[in-house]
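In what follows, a single structure is set out as structure tokens and then discussed.
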Amino acid sequence: MFENADALLLARIQFAFTVSFHFIFPAFSIGLASYLAVLEALWLKTGKALYFDLFKYWLKIFAVAFAMGVVSGIVMSYQFGTNWSVFSDKAGPVIGPLMAYEVLTAFFLEAGFLGVMLFGLERVGKKLHFIATLMVAAGTAVSAFWILSVNSWMQTPAGFEMGANGQFLPGDSWWDIVFNPSFPFRLVHTVIAAYLTTAFVVGAVGAWHLLKDRQNAHARKMFSMAMWMAALVAPIQIFAGDMHGLNTLEHQPAKVMAMEGHYQSHPDGAPFIVAGIPNSKEQRVDYAIEIPKASSIILKHDPNAPLAGLDTIPKEDHPPVGVVFWAFRIMVGLGFAMLGLGLWSLIARWRGRLYEWPVLHKAALVMGPSGFVAVIAGWIVTEVGRQPFTVYGLLRTAQSASPLDAPAVGASLLAFIFVYFAVFGTGTWYLLRLMKVAPKAQLEGDETQEGPIRSAGITPGPAQKQAIPPQDSAADGGDGQ
Amino acid sequence: MSIDLTMIWAFIIAFGIFAYVVMDGFDLGIGILFPSFAVGEERDQAMNSIAPVWDGNETWLVLGGGGLFAAFPLAYAIILPATYPLVIAMLLGLVFRGVAFEFRWRDPGHRAFWDMAFSGGSLVAALTQGMILGAILQGITVADRAYAGSWWDWLTPYTLLTGLGVVAGYALLGSTWLVWKTEGSAQDHAYRLTLRAMIATLLLLLAVSLYTPLLDAKYWQRWFAMPNVLFAAQVPVLTAIIAALLFWGLRMRWEASLFLLSLGIFLLGMIGLGVSMWPYVVPDSVTIWDAAAPLRSQVFMLIGVAITMPLILAYTGWAYWVFRGKVGKEGYH
């Protein structure tokens with residue numbers, strides 16, 4: 001098997017597969033860690049048990065999601081060497097140190113305090129426990145900072161010199177490398193995306209339980225908090241995305257041409273193609289539905305501004321257009337759908353129907369996974385749009401791969417696909433089962449509910465049995481959602 | 001030879017790998033021994049003794065890999081393709097091991113399956129880590145800054161031996177950790193396991209130590225030529241002393257000391273490895289200076305290590321302190 005396959009293509013599929021799967025978990029846990037910190041802060045400040053109940057509810061979910069993020073993340077730290085060794089040798093002196101900083105400042109921080117956050121409340125007390133939660137949340141955010149700096153450097157390399165042995169070497173200033181031109185935009189856009197992803201999951205879980213019981217105070221609280229996030233952050237995200245797009249136009253025009261489906265240059269105002277089928281062979285978009293001049297208005301803020309097309313770029317430097325074009329539309333469409341739900345929730349709040357409007361709750365439920373889809377779509381836009389380079393304009397993907405035979409790469413790809421779908425599929429099912437349990441107040445005087453210890457599953461034997469039955473009875477009501 | 005940044009970085013990476021080996025070593029060792037513990041209380045105690053710390057322990061592996069990438073990119077770019085199937089198997093083993101910590105509690109109906117995943121994943125990770133070590137020691141074909149061998153070069157009797165050696169060594173760390181952290185029937189069982197793991201570890205360590213100098217005349221030189229032998233000979237002597245203490249301590253039913261003595265064996269193994277490899281990072285084709293990142297990368301990272309490492313060690317130590325003492329049958333109250 002795979003003897004005649006293209007080792008490069010298999011390596012690309014493997015990286016795309018492992019990174020896409022991995023990205024799902026941090027996209028959720030970055031936001032969830034912050035949400036947990038907010039819930040614990042509100043609990044400490046107000047003393048209301050409701051917040052602590054919600055904290056414990058989401059902590060269980062966080063523990064499962066975080067474990068999957070950790071194990072799929074370790075795979076990523078080795079994928080560079082196993083499958084992209086030439087890239088690693090050449091770019092290592094520049095991006096290696098950034099990744100080392102990620103380990104030193106983020107991974108140790110979140111992993112070091114995770115144990116206390118999950119199991120240590122009774123051992124360290126409320127204040128130290130809250131600090132542990134804050135450290136975990138900070139760790140997830142710092143991790144995003146460094147890895148997005150690495151990714152941005154591959155998109156918009158800066159601050160380097162070329163070595164005689166073909167390596168990229170750091171120049172005088174690490175500042176120029178870390179804060180390369182696309183980094184601030186990518187960081188803001190991606191971190192907001194993670195927060196929105198979490199907000200829509202929390203909103204959907206709240207909505208699901210409101211559909212079952214409108215009076216559930218816990219479901220009300222989480223739904224309300226999530227809808228505030230949607231209403232306030234979705235518009236910020238659309239603005240941040242626009243800024244990111246303008247930055248891309250400046251530094252990676254070919255990527256924007258692919259996003260827009262602009263094979264040809266438009267000297268006096270370019271249309272925005274709402275939909276169509278990019279046809280790279282003929283260099284045109286078939287069945288295009290266009291809004292005249294709209295693309296020039298969005299990108300240049302002038303209806304008649306000229307916009308160059310892919311015809312100005314050598315053909316061997318074209319990114320794949322179809323994938324980028326469609327992924328971009330999915331991301332933007334979902335962004336506006338999020339905005340719509342946020343606005344709808346404001347109307348519902350104003351009319352006093354936030355908890356009494358089943359159609360709104362159903363819409364929020366449907367939108368639950370929208371953040372994940374949008375994040376992956378956005379990732380595809382930026383990564384496929386970077387092709388055919390790994391270091392944009394300087395190092396081709398075709399010249400970055402490890403000297404491996406196709407059977408080795410193919411066999412490992414199959415192993416990853418099989419294991420990831422089995423393990424993370426099961427894990428996702430466990431997450432859904434946890435989300436199906438109705439959030440509720442802990443029973444008075446039930447000492448087994450005092451800490452997150454049991455909730456994270458550390459307690460063996462009898463106590464576990466005490467804590468579980470009410471959940472199981474709810475979880476047995478059906479499968480998945 | 002004066003000390004330069006490349007040497008400092010070699011020691012930092014070695015420290016990171018050593019920290020990983022001893023810290024995740026006992027986690028993986030517990031995984032390897034897991035099937036021999038009775039379902040229920042014994043297994044839950046074993047699992048609880050590492051649940052709060054395993055994630056932090058595993059992070060040292062990311063530091064080892066990420067640090068190698070950053071400080072010695074050429075070595076990273078040669079070793080990983082050369083040991084490709086082993087690395088992939090290790091990563092997948094760690095996937096099963098890692099998720100089992102949560103999944104076994106989330107799904108009591110399939111707990112037996114996740115216990116198996118925990119144990120199998122740990123065994124595969126330990127075996128492949130040992131085999132990767134062996135594959136590096138037996139030499140890697142390098143041409144033009146890249147791995148130039150085939151994708152089965154790593155599979156030899158020698159690498160199988162080093163793989164088994166690491167499995168036995170991790171089992172020793174795991175069993176002595178459990179002696180320290182458990183009580184009752186689980187601890188009795190851990191004492192019995194320690195004896196077996198100790199004998200297996202020492203025999204395999206001896207076998208690897210005798211085999212390695214025969215692989216290549218250079219290893220022989222580094223160990224037995226004057227004046228190296230005066231330093232190198234201390235390693236087996238100290239190992240023998242620690243082994244004797246371990247047997248004595250087991251009879252006396254020492255607790256924490258047994259674990260610390262096992263760490264001593266690993267430390268000596270690491271020093272022995274240093275004697276064999278120095279100054280190569282890929283024996284005998286790439287030295288640490290060939291593979292080193294440029295000065296600017298080394299300095300930038302050294303600043304980060306100097307600031308963060310004391311903090312990391314402090315809060316990691318604190319996390320261990322929080323969960324000190326016997327794990328108990330009731331979990332953490």
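Computed from the coordinates by the stated procedures, all read-outs in this text should not be read as laboratory data. Remember, predicted model here, so these are calculated numbers, not experimental data. When we count neighbours, we look across all protein chains shown, and the Cβ atoms used for this are built from the backbone with ideal geometry, even at glycine.
Taking every C-alpha pair closer than 8 Å and separated by at least 6 residues, the mean separation divided by the residue count of chain A gives a relative contact order of 22 percent. Eigenvalues of the alpha-carbon gyration tensor of the protein assembly as shown, scaled by 5 and square-rooted, set the equivalent ellipsoid semi-axes at 45, 37, 21 angstrom, largest first. Estimated purely from DSSP H runs of n ≥ 4, each contributing -39500 (n - 2.57), the mean residue ellipticity at 222 nm for chain B is -26000 deg cm²/dmol once divided by its residues.
State whether segment B:199-333 is rounded, prolate or oblate according to the following rule on the C-alpha gyration tensor (a ≥ b ≥ c being the square roots of its eigenvalues): a/c under 1.5 gives rounded; otherwise a/b larger than b/c gives prolate, and the remaining case gives oblate. Note, shape of segment B:199-333 comes out oblate. Here A:Lys281 is the anchor, and the lysines within straight C-alpha reach of less than 23 Å, apart from those fewer than 8 places off in the same chain, are A:Lys255, A:Lys315.
Note on chain B: along the principal axes its Cα atoms extend 56, 40, 39 Å, ordered by decreasing extent. Once the Cα-Cα distance is subtracted from the 0.36 nm per residue extended length, the B:Met7 to B:Phe247 segment shows a gain of 82.7 nm. When the pairs A:Lys56/A:Lys440; A:Lys48/A:Lys212; A:Lys56/A:Lys221; A:Lys440/B:Lys326; A:Lys60/B:Lys181; A:Lys45/A:Lys362 are compared against a 22 Å limit on Cα-Cα distance, A:Lys48/A:Lys212; A:Lys440/B:Lys326; A:Lys60/B:Lys181; A:Lys45/A:Lys362 fall above it.
Under the criterion of Cα pairs below 8 Å and six or more residues apart, the relative contact order for chain B equals 24 percent. Principal-axis analysis of the Cα atoms of chain A puts helix A:406-436 at an angle of about 30° to the longest axis.
Helix B:111-137 axis versus longest C-alpha principal axis of chain B: approximately 20°, rounded to the nearest ten. Between the helical axis of A:121-155 and the longest alpha-carbon principal axis of chain A there is an angle of about 10 degrees. Counting only other chain Cβ atoms within 10 Å of each residue's Cβ, the peptide B:47-53 averages 4. Modelled spin-label separation between B:Leu160 and B:Trp321, with each label point placed 7 Å from Cα along the Cα-to-Cβ direction: 4.8 nm. Calculate for chain A the 222 nm mean residue ellipticity that helices alone would give, adding -39,500 (n - 2.57) per DSSP H run of length 4 or more and normalising by residue count, nearest 500 deg cm²/dmol. After summing the helix terms and dividing by residue count, I get -23500 deg cm²/dmol. Near the amide H of A:Phe160, within less than 5 Å, lie the amide hydrogens of A:Gly171, all on another chain or at least 5 residues away, with H placed in the peptide plane. Note on A:Glu383, B:Glu255, A:Glu282: ascending count of other Cβ atoms within 10 Å places them as A:Glu282, B:Glu255, A:Glu383, the fewest first. Using the alpha-carbon centroid of each, what span in Å lies between segment A:211-271 and segment B:157-207? Measuring centre to centre over Cα atoms gives 54 Å.
Rg ratio for segment A:1-83: its Cα radius of gyration over 2.2 N^0.38 Å, N being its residue count, equals 1.61.
Cross-link partners among aspartates and glutamates for A:Lys293, C-alpha distance below 20 Å, same-chain residues fewer than 8 apart left out? List returned: A:Asp242, A:Glu250, A:Glu260, A:Asp268, A:Asp302, A:Asp311. Listing A:Val136, A:Val191 from fewest to most neighbouring C-beta atoms within 10 Å gives A:Val191, A:Val136. Given R0 = 35 Å, the distance between the Cβ atoms of A:Lys45 and A:Leu246 translates into a calculated FRET efficiency of 0.30.
Where does the Debye-calculated log10 I(q)/I(0) of segment B:1-110 sit at q = 0.11, 0.14 Å⁻¹, using only Cα point scatterers of equal weight, no solvent? With no solvent term, the Cα-only Debye profile gives -0.46, -0.68. For chain A, the share of alpha carbon pairs falling in successive 10 Å distance bins from zero is 4, 18, 27, 25, 17, 8, 2, 0 percent. So if R0 is 22 Å, what FRET efficiency would A:Phe179 and A:Ile298 give, r being the distance between their Cβ atoms, rounded to the nearest 0.05? FRET efficiency, A:Phe179 to A:Ile298: 0.25.
Ordering A:Val94, A:Val124, A:Val285, B:Val22 from the fewest to the most neighbouring beta carbons within 10 Å gives A:Val124, B:Val22, A:Val285, A:Val94.
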